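Quick notes on the structure that follows.
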Amino acid sequence: MLVELAAANAAFAVIKKTLCNGKELLAAGKAVTDYFSASSSISKEVATKGKSSALEAYQAQQQLMKQEAELKDMLNKQGLLGYHNFLQFKAEYAREQKEQTKLAARK
């Protein structure tokens, strides 16, 4: 879980820098994808109570919540529906990942 948290933190730093420089979220393309992937992995591991300790899971979950709150503030400052659009994008990404996982399992 520490590897995923480090990846999420690195991707979030790129996203934050991009938004602070006045660019759109999509300008951070790969970082957004990396952040989604890492946060999804952390969420799955927390939900399944994987190999990590309870403290690691709690810390990772708190870190992601803090980053989401900061991202929400930055996106809402950027546009009226900034965070809402981000959530829609995130949901679509999650659906695509789930679909790809199902297709891979069928093969």
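Every read-out reported here was derived from the displayed coordinates using simple, explicitly stated rules and does not represent laboratory data. Small disclaimer: the values here were computed from a predicted structure and weren't measured. Every residue, glycine among them, receives a Cβ derived from its backbone with ideal geometry; neighbour counts consider all protein chains shown.
Worth a mention:
- Residue-wise HN-Hα couplings along the range 11-24, as the Karplus relation 6.51 cos²θ - 1.76 cosθ + 1.60 with θ = phi - 60° gives them from phi, are 5, 5, 4, 5, 4, 4, 4, 4, 5, 5, 7, x, 8, 6 Hz; Gly and Pro carry x.
- FRET efficiency, residue 72 to residue 99 (Cβ-Cβ, R0 25 Å, nearest 0.05): 0.40
- Dimensions in Å of the chain - Rg and Dmax from alpha carbons: 14.6, 44
- As a calculated quantity, the FRET efficiency between residue 106 and residue 6 at R0 = 41 Å, using C-beta atoms, amounts to about 0.80.
- Local electrostatic count at residue 12 - Lys and Arg +1, Asp and Glu -1, tallied over other residues with Cβ under 14 Å: +1
- Mean Cβ count within 10 Å, highest first, over the residues of peptides 70-78, 8-16, 93-101: 8-16, 70-78, 93-101
- Those aspartates and glutamates that a straight Cα-Cα span of less than 18 Å connects to residue 30, excepting residues fewer than 8 apart in one chain: 4, 68, 92, 96
- Taking the convex hull of the alpha carbon positions in the range 64-106 and averaging its projected area over all directions gives 3.3 nm².
- Across the chain, the mean sequence separation of Cα contacts (distance under 8 Å, 6 or more residues apart), normalised by length, yields a relative contact order of 23 percent.
- Size descriptor for the range 34-93, Kirkwood hydrodynamic radius: 12.6 Å (Cα pairs only, one decimal).
- Residues in the range 1-16 that a label on residue 59 would reach, taking backbone N under 16 Å of a point 7 Å out along Cα→Cβ: 1-10
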